[in-house]
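Chemist: Once you've had a glance at the structure underneath, I'll fire off some questions.
Every number here is computed from the coordinates shown, using simple stated rules; none is lab data. Quantities reported herein were computed from a predicted structural model and do not represent experimental measurements. Here the Cβ positions follow ideal geometry from the backbone for every residue, glycine too, while neighbour counts run over all protein chains shown.
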């Protein structure tokens, strides 16, 4: 595609650490060799009269205004360029071309990963009409530079720069990444971060080490299944159910999925990490930067009615969203402390994301009849998409509401723990539970019954401990690898039906050092925890982490 260069000049270059939101996405993406699937694309058709020169001027103004678009990201730092060049690609389509053809061409902008150490985190392209004017414009963004909110606002900014009439006076505050960085380092920002980390700590001090501490199934081929479920019936039922319970459609979907997942996996609670946009103030809504971070949602399963569970989940979700701004390095350090103290590896592998594509659109809340829902359900569609080779998540549910009358659930699931038949039953089951809840009170137990998938079965080699389900033989093998082949593990039954694990080892060993080494060896292992006590050379070593009553 032929291109033209835009020269921009916006002051001095600046080097600074990344802000929290930037780090929150930059670090995880380092684990992927190909990050192209995380790229964001925005396109828009234009009216008559937009010449290439006018588009180039608009691109220049956009890049000069927003530092995000002229930043390189290197080793945890943002290198903001004061001057440089940005390329804009141009291609022509024949007069007979339809909109879908240039849309598919625009998608090529996202086909490759960004090298953020040398590439700008944005790619621009334009379609020329037969008269030489720009008929449409598209840009792709690296997810490190932008989340969905930022991408939408940048498209709004570009369209305003190209408008025939002068744009209205800007009323939103100017707030750029360096302003956000300064806030995060202020006393107020540090208090926000500390409160968020304390919330995470309070959950992780008692959470199961993994939601998926059971034997994985053998899988041939790619591990990660991908599914898409589209439902008008779910949108209608969940909106009414949310209105009745004083919650939201999002809470309804999150609650049903979480209750089922906890029960299916044999856990007393569900721990789900929420994707939080963090656009909670006018300044953050004005910020053109990736701000999304993880929040933490925890819902204990109780023998209660679904309406009560919805209200409890709603409060838990609000707390999780509000406590989602922090330095990722500080959170990692706290998790490491808790992991050492509890003797576990925390398997953070469950996520929920409510993508609010229509931020100003209110969901429907009118009552619907059973007949209405039955008719809507005939249009529900479940599609199994191409699987992925690998992902660090075992369950990632995304809720989109492209209109008030439609819900789209996208689920990415590790087939070793959640095989296709189970996942598909869950997706249909979420709709089924929401519909049934409108006819009368449901219990939490009814959720699992209506989904129709029984809890996983663990064999006699699995026992319950303070940190969840474990295989003592696997714990013994790990302790032997660290402490020597002569080490042995003994399980001591407790009154609540769980067990306490004691490791016995010979030699000149220090309990604290041994414990640190055992915890380090746990990384990535499911169904394995450190012993509760170490008995060394015939004597009892220090209890170096607290046993947590479950």
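Chemist: Any chance you could list P(r) for segment 3-171, counting all Cα-Cα pairs in 5 angstrom bins from zero, rounded to whole %?
Modeler: 1, 8, 17, 21, 20, 15, 10, 5, 2, 0
Chemist: Let me ask something additional. When the Cα centres of segment 259-334 and segment 338-357 are compared, how far apart do they sit, in Å?
Modeler: 10 Å
Chemist: From the helices alone, meaning DSSP H stretches of at least four residues, give me the mean residue ellipticity at 222 nm for the chain, per-run term -39500 (n - 2.57), in deg cm²/dmol to the nearest 500.
Modeler: Details: 16 runs with 197 residues, N = 550.
Result for the chain: -11000 deg cm²/dmol, rounded to the nearest 500.
Chemist: Quick one: 159, 533, 319, 394, fewest Cβ neighbours within 10 Å first, how do they rank?
Modeler: 159, 319, 533, 394
Chemist: Rounded if a/c is under 1.5, else prolate if a/b beats b/c, else oblate: with a ≥ b ≥ c from the C-alpha gyration tensor eigenvalues square-rooted, which is segment 14-105?
Modeler: Note, shape of segment 14-105 comes out oblate.
Chemist: Further, regarding this structure: Where Rh is the Kirkwood radius over the Cα pairs of the chain, the temperature 10 °C and the viscosity 1.306 mPa s, what D in µm²/s does Stokes-Einstein return?
Modeler: Details: Rh = 25.9 Å.
Answer from the Stokes-Einstein relation: 61 µm²/s.
Chemist: Just how far, in whole angstrom, is segment 480-499 from segment 175-219 if you go by their alpha carbon centroids?
Modeler: Value for the Cα centre distance between the two parts: 32 Å.
Chemist: R0 = 45 Å: FRET efficiency of residue 390 with residue 51, Cβ-based, nearest 0.05?
Modeler: The pair residue 390/residue 51 has a calculated efficiency of 0.45.
Chemist: Which whole number in µm²/s is D for segment 463-540 by Stokes-Einstein, with the Kirkwood Rh taken over Cα pairs at 25 °C and 0.890 mPa s?
Modeler: Values: Rh = 12.4 Å.
So the translational diffusion coefficient is about 197 µm²/s.
Chemist: Using only alpha-carbon positions, what ratio does the radius of gyration of segment 378-450 give when scaled by 2.2 N^0.38 Å?
Modeler: Output field value: 1.24.
Chemist: State the Cα centre-to-centre distance between segment 137-164 and segment 1-61 in whole Å.
Modeler: So the separation of the two Cα centres works out to 8 Å.
Chemist: Separate question: How high is the relative contact order of segment 276-358, in percent, with contacts defined as C-alpha pairs under 8 Å that are six or more residues apart?
Modeler: The value is 29 percent.
Chemist: Percent relative contact order of the chain, based on C-alpha pairs within less than 8 angstrom and at least six residues apart?
Modeler: Across the chain, relative contact order equals 16 percent.
Chemist: Give the relative contact order (percent, whole number) for segment 463-540; include only Cα pairs under 8 Å separated by 6+ residues.
Modeler: Once normalised by length, the contact order is 34 percent.
Chemist: Let me ask something else about it. Can you tell me the order of 107-114, 306-313 when each peptide is scored by its average per-residue count of other Cβ atoms within 10 angstrom, highest first?
Modeler: Final packing ranking: 306-313, 107-114.
Chemist: While we're here: Average the reciprocal distances over every distinct pair of alpha-carbons in segment 182-451, invert the result, and give the Kirkwood radius in Å.
Modeler: After inverting the pairwise mean of 1/r, the radius is 19.4 Å.
Chemist: Determine, for each peptide in 289-302, 219-232, the mean count of other beta carbons within 10 angstrom over its residues, then list the peptides with the highest first.
Modeler: 289-302, 219-232
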